[in-house]
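S.K.: This structure is in structure tokens; I'll ask about it shortly.
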Amino acid sequence: MTTHSATSQNQTPILSESITVAIQGMDCANCSSRVERNLNKLDSVSATVNLATERAKIDFDAKEVEAYQLLDVISKSGFTPIVEEMTLGIEGMTCANCSTRVEKKLAKLDGVLNASVNLATETAKLSFLNEVVSVQDIQATVKKSGYTAILPDNSDTKLSKLEEKELYKQRQEASLKRDTLIAVAFALPLLLLEMLPMMIPGGMAFRDSIIPHRTFMYFNFVLATIVQFGPGLRFYKTGFPSLISGQPDMNSLVMLGSSAAYGYSLIATFVPNVLPEGTRHVYYEASATIIAIILLGKWMEHRAKGHTGEAIKKLLSLEAKTATVQRNGAWVELPLEQVKLGDIIQVRPGEKIPVDGTVIAGSTLIDESMLTGESLPVRKTEGDKVVGATLNGAGNISFKATGIGADTVLSQIVKMVEDAQGSKAPIQAIADKVVGIFVPIILSLAALTFVVWLIFGPAPSLNFALVNAVAVLLIACPCAMGLATPISIMVGSGKAAELGVLFRKGEALQRLREMDVIAFDKTGTLTEGKPQLTDFKLFAETDEASLLADVAAIERMSEHPIAEAIVQAAKDKGYDLPEVSEFKSRTGYGVEAMVNGRKLYIGSERYMDEHNLLSPNAKEQATVLAQDAKSPLFVGSDTELLALLAVADPIKDSAIEVIKQLSTKGYKLAMITGDNRITANAIAARLGITEVRAEVLPKAKVEAVVALQAEGNKRVAFVGDGINDAPALAQADVGIAIGTGTDVAIEAADVVLMSGNLQAVLNALELSKATLRNIKQNLFWAFIYNILLIPVAAGILYPGFGILLSPILAAMAMGLSDIFVVGNALRLKSFKTKYVESKQPVLEQQPTLSPA
């Protein structure tokens, strides 16, 4: 965005911003005119849209209109604004102030619509207009903030990306370890030679008799200088630019604290006469030990943080390394990277499925526990889908590759987990606000502490002022506050993946525990979604076999579970299915098509009513079937009602127990379904669900969710699996998709349950509660630590109890606070679910299957 000056006349608002947006999908002048017209309807906006360049130049008042509103108008006009999304690695961040500073700088960058920087994952997620801002601009902004931006690797090889990230972390840890060991090696003699003689009667006199005082000071100076500008240089490199830019961070506090002790000692060593009598003490051991202790704490914290990403490591380790592919009529073993879409792949007994595909020959049992958490193997035959990284049993199969690289289910799972770990939960806003003003407040408190002790402190007041001001600087570390939320989200979402629950956003991990109502779709969610044809009643003189074949031929073109049941019934009877033409589908009503020279209508009661085909007798029979929890379906022609079919979909084994558990926990339960009202009521009665909204079209499912939300401002989670559930999943406060359902439903959801077992809903709820509880514990510790210890460091206990906190102890306490937060978050790795007890964890190594 660039500043755009405009003269204000007759109170016309000044259009202060100008952006250019690339737009996809415009193919005529009417398209560009519509977008331009809709943009200009907004107050304080002046837009021109160029069809030839497919660009919109928009001037607007940034105080009145947000950039995202402009993009929303373009989208609602029926076109796609081109917005780039990218995740950058950020090297060099050490505390919450670092991440806050980078986030603010990026958010202010012209063309950046949204920026979120995560300290725990050391990443920045960005949405930006590439017409306005380039990746190089973004990198340069990060660099100006004092850090290094690492561009994403666009390679499909996820494992290599992980290895690169691991290599960087290993280098970072090695650097920290080296600096820590050097700092400890030189600081330890200083500390021992200063502290031990004080603890032994006559020890100081004995030391001075061996080492002259002046010589001892020079010796201390050499050791402390090595620490200060060797290992300690890292604090200057980041802390000084941060201080100069007016956004000091943890590095600034350490730099100021250790420099104050070191600088004062330097004066006392080389120009002591400038200091008052009685204040010419040196604090070399304090400056060096502070750096050593803080580096030690950072090293330990870094090692602990290394365990937080193990979920993704385990996921990626499941991937096969090679595949046996048919090339030029022969089977050859190739690296996974060389597999192409459409390749024919052979899998022998005990091997991993290398990529996603469809079986074309053979039969086997496949262990899909890494994907669904279900320990029982699944039978796969011709036409069935297989998923990469699952384990083949005793059979030999060939399949056609339909998903490779980043398009495999495994890669998509990894991306979901990475996105969740890199996102922020709403509760983090509390910490972000505090961190934004925390360090400047600490600097002010340190300065105030120095002045108060200098004026009112006992002699030598300068020494007391210096020591207490340094203690204040060191005790107040914003790291713990910055890590409190993201580190728990990172571990919690990884643990969820092990249980077959994918939180697509950290926000959902927090919000799920706050739900009041849980609403379910019926077919495929509460029921198996694999219905069977149970009844076929004729109302006209026609051949039953011929009519069923015609109906199955039409339904073969539909993806509805009921349609699959009819097709399967015809196949089971060995009927040949005729050709179909002029197929049309009406969501929520039914389908129609030409078959064998006549048009057939297949669908609901309301669909038949539209064609005036229903009789009271047919309605009555349909009602009887529905009361028996069967779904009635009518077949009619242009002139008469031909038949009534009924399909029964068994309730999932897990559904009854899950509904009972949720009811016991106090959740209000509802069913929202497009199925027949009587059938829906019968299913609900068996499950114990009291609120039922049936015969609901997809659009009305959204309205049903809105209605539930409006009942006393309730927060609603919706669980569904079908294409028609996608709008409701998006509308709900938390959308939960069954992972065995459609891609559209999964894309619209906030949480994905990889198996069809509804007990995963209970797992998700329990883990959400455990994670938020963990976050609150972390935040409580981070805040209470600072609230209690900063006054102690300032010397509030000295007048009454004679207690002062030494800078060395302050540095130790600061390091321990970070380690506590990380360690507490890691406790989530041991989270045990009370549900699905017999199930094997998703990421656990799979056993070899026994022969079928």
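S.K.: Being touching a Leu at 6+ places or on another chain (Cβ under 9 Å), open to solvent by less than 20 Å² (accessible area, probe 1.4 Å) and at pLDDT 85 or above is the filter here; which residues of region 812-847 pass it?
M.R.: ALA825, LEU828
S.K.: Can you pull out every residue in region 778-811 that is on the phi > 0 side of the Ramachandran plot and surrounded by fewer than 21 Cβ atoms within 10 Å (Cβ to Cβ)?
M.R.: Of everything in region 778-811, just one residue is on the phi > 0 side of the Ramachandran plot and surrounded by fewer than 21 Cβ atoms within 10 Å (Cβ to Cβ), namely GLY802.
S.K.: Something else: Surrounded by 15 or more Cβ atoms within 10 Å (Cβ to Cβ), at pLDDT 85 or above and either basic (Lys, Arg) or on the phi > 0 side of the Ramachandran plot (or both): does that describe LYS105?
M.R.: Here the answer is yes, as LYS105 does meet what is asked.
S.K.: Return the only residue of LEU233, LEU223, LEU253, LEU275 being open to solvent by 50 Å² or more (accessible area, probe 1.4 Å) and either under 26 Å from ALA447 (Cβ atoms) or touching a Pro at 6+ places or on another chain (Cβ under 9 Å) (or both).
M.R.: The conditions single out LEU233.
S.K.: Just to verify a result, which residue in region 181-220, among those that are small (Gly, Ala, Ser) and surrounded by 13 or more Cβ atoms within 10 Å (Cβ to Cβ), is nearest to ASN251 (Cα to Cα)?
M.R.: So, considering only residues that are small (Gly, Ala, Ser) and surrounded by 13 or more Cβ atoms within 10 Å (Cβ to Cβ), the one nearest to ASN251 (Cα to Cα) is ALA183.
S.K.: I would also like to ask the following. Of a type outside the set (S, T, N, Q), touching a Lys or Arg at 6+ places or on another chain (Cβ under 6 Å) and closer than 22 Å to GLN532 by Cα: which single residue out of GLU605, GLU620, GLU592 fits that description?
M.R.: GLU592
S.K.: Can you tell me which condition GLN661 does not meet? The list is (1) farther than 22 Å from GLN759 by Cβ; (2) open to solvent by 20 Å² or more (accessible area, probe 1.4 Å), and all the others hold.
M.R.: Checking GLN661 against (1) farther than 22 Å from GLN759 by Cβ; (2) open to solvent by 20 Å² or more (accessible area, probe 1.4 Å), the one that fails is (1).
S.K.: Now, a different point. For GLU703, are the conditions met, namely being closer than 25 Å to ASP750 by Cα and acidic (Asp, Glu)?
M.R.: yes
S.K.: I've got another one for you. Closer than 30 Å to LEU176 by Cβ and at pLDDT 80 or above: which single residue out of THR94, THR100 fits that description?
M.R.: The conditions single out THR100.
S.K.: On the given criteria, is ASN778 of a type outside the set (Val, Ile, Thr), closer than 30 Å to ASN468 by Cβ and touching a Ser or Thr at 6+ places or on another chain (Cβ under 8 Å)?
M.R.: Yes: the conditions hold for ASN778.
S.K.: Next question, about the same structure. Looking only at region 656-682, count every residue that is at pLDDT 90 or above, small (Gly, Ala, Ser) and in a helix (DSSP H, G or I) and tell me the total.
M.R.: Looking only at that region, the number is 1.
S.K.: Scan region 550-562 and report the pairs whose first residue is at negative phi and whose second residue is aromatic (Phe, Trp, Tyr) and part of a loop (DSSP other than H, G, I, E, B), with Cβ atoms within less than 8 Å and a gap of 6+ or a chain change.
M.R.: Every condition considered, the pairs that remain are ALA552/TYR575.
S.K.: Okay, moving on. Taking the options LEU443, LEU502, name whichever one is open to solvent by 30 Å² or more (accessible area, probe 1.4 Å) and among the aliphatic types (A, V, I, L, M).
M.R.: LEU443 is the lone residue from the list that is open to solvent by 30 Å² or more (accessible area, probe 1.4 Å) and among the aliphatic types (A, V, I, L, M).
S.K.: Restricting region 294-341 to residues that are of a type in the set (S, T, N, Q), out of contact with any Asp or Glu (no Cβ under 9 Å at 6 or more places or on another chain) and modelled with pLDDT of 80 or more, which is nearest to ALA496 (Cα to Cα)?
M.R.: Filtering first and then ranking leaves GLN338.
S.K.: Residue check: is VAL282 open to solvent by less than 50 Å² (accessible area, probe 1.4 Å) and under 20 Å from ALA465 (Cα atoms)?
M.R.: When the stated conditions are applied, VAL282 passes them.
S.K.: Test of understanding: among GLY741, GLY802, which residue is farther than 30 Å from LEU253 by Cα and modelled with pLDDT under 90?
M.R.: GLY741
S.K.: Here is a further query. For ASP137, indicate whether it is closer than 22 Å to ILE23 by Cβ, assigned to a helix (DSSP H, G or I) and touching a residue at least 12 places away in the same chain (Cβ under 8 Å).
M.R.: yes
S.K.: For the structure I just gave you, tell me whether ALA465 is modelled with pLDDT of 85 or more, farther than 30 Å from SER755 by Cα and not basic (Lys, Arg).
M.R.: yes
S.K.: Which members of region 588-609 meet the condition of being farther than 21 Å from ALA646 by Cβ and open to solvent by 60 Å² or more (accessible area, probe 1.4 Å)?
M.R.: ASN596, GLY597, ARG598
S.K.: Failed condition for GLY588, given (1) at pLDDT 90 or above; (2) at positive phi, with all others met?
M.R.: Tallying (1) at pLDDT 90 or above; (2) at positive phi, GLY588 fails exactly one: (1).
S.K.: Name the residue that is surrounded by the most Cβ atoms within 10 Å (Cβ to Cβ), counting only residues in region 78-93 that are assigned to a loop (DSSP other than H, G, I, E, B) and touching a Ser or Thr at 6+ places or on another chain (Cβ under 7 Å).
M.R.: Applying the filter and picking the extreme gives MET93.
S.K.: A follow-up question, please. Within region 613-654, count every residue that is aliphatic (A, V, I, L, M), over 17 Å from PRO561 (Cβ atoms) and open to solvent by less than 10 Å² (accessible area, probe 1.4 Å).
M.R.: 6
S.K.: Restricting attention to helices (runs of 4 or more DSSP H) lying wholly within region 177-257, give those where 2 or more residues are of a type in the set (Ser, Thr, Tyr) and under 43 Å from the mean Cα position of the chain (by Cα).
M.R.: In region 177-257, 233-244 are the helices (runs of 4 or more DSSP H) which contain 2 or more residues that are of a type in the set (Ser, Thr, Tyr) and under 43 Å from the mean Cα position of the chain (by Cα).
S.K.: Among the residues of region 449-468, write down those that are open to solvent by 50 Å² or more (accessible area, probe 1.4 Å) and either under 16 Å from SER259 (Cα atoms) or assigned to a helix (DSSP H, G or I) (or both).
M.R.: Of everything in region 449-468, those that are open to solvent by 50 Å² or more (accessible area, probe 1.4 Å) and either under 16 Å from SER259 (Cα atoms) or assigned to a helix (DSSP H, G or I) (or both) turn out to be PHE450, VAL451, VAL452, LEU454, ILE455, PHE456.
S.K.: Of the residues in region 381-397, how many are more than 15 Å from THR322 (Cα to Cα), open to solvent by 10 Å² or more (accessible area, probe 1.4 Å) and outside any loop (DSSP other than H, G, I, E, B)?
M.R.: 1
S.K.: Name every residue in region 560-575 that is at pLDDT below 85 and either part of a loop (DSSP other than H, G, I, E, B) or of a type in the set (Ser, Thr, Tyr) (or both), in order of residue number.
M.R.: Once the filter is applied, which keeps residues that are at pLDDT below 85 and either part of a loop (DSSP other than H, G, I, E, B) or of a type in the set (Ser, Thr, Tyr) (or both), region 560-575 yields only HIS560.
S.K.: Can you find a residue in region 619-641 that is out of contact with any Gly (no Cβ under 8 Å at 6 or more places or on another chain), polar (S, T, N, Q) and part of a loop (DSSP other than H, G, I, E, B)?
M.R.: Among the residues of region 619-641, at least one is out of contact with any Gly (no Cβ under 8 Å at 6 or more places or on another chain), polar (S, T, N, Q) and part of a loop (DSSP other than H, G, I, E, B), which makes the answer yes.
S.K.: Separate question: Would you mind stating whether PHE240 is over 17 Å from SER806 (Cβ atoms) and crowded, with 17+ Cβ neighbours inside 10 Å?
M.R.: Yes: the conditions hold for PHE240.
S.K.: Between residues in region 389-412 that are charged (D, E, K, R) and at pLDDT below 85 and residues that are in a strand (DSSP E or B) and crowded, with 19+ Cβ neighbours inside 10 Å, which pairs lie under 8 Å by C-beta distance while being six or more apart or on different chains?
M.R.: Sorted first by the residue in region 389-412, then by its partner, the pairs are ASP407/ASP356.
S.K.: Out of (1) in a loop (DSSP other than H, G, I, E, B); (2) buried (at least 18 other Cβ atoms within 10 Å of the Cβ), the odd one out for PRO578 is which?
M.R.: Checking PRO578 against (1) in a loop (DSSP other than H, G, I, E, B); (2) buried (at least 18 other Cβ atoms within 10 Å of the Cβ), the one that fails is (2).
S.K.: Out of all the residues in region 416-428, is one or more at pLDDT 80 or above and among the aliphatic types (A, V, I, L, M)?
M.R.: Looking for residues that are at pLDDT 80 or above and among the aliphatic types (A, V, I, L, M), one finds none in region 416-428, hence no.
S.K.: Also, quick follow-up: Anything in region 322-348 that is open to solvent by 90 Å² or more (accessible area, probe 1.4 Å), among the hydrophobic types (A, V, I, L, M, F, W, C) and farther than 19 Å from ASN396 by Cα? List them, or say none.
M.R.: Selection gives LEU341 alone.
The values are calculated or read from the model by the stated rules, or taken from the named source; none is laboratory data. Just so we're clear, the structure is a prediction, and the values are computed from it rather than from any experiment. Cβ sites come from the backbone with ideal geometry, for glycine too, and all protein chains shown count toward neighbours. When the accessible area is computed, the model is the full protein with side chains, heavy atoms only, and any ligands, DNA or RNA have been set aside. Shrake-Rupley method; radii C 1.70, N 1.55, O 1.52, S 1.80 Å.
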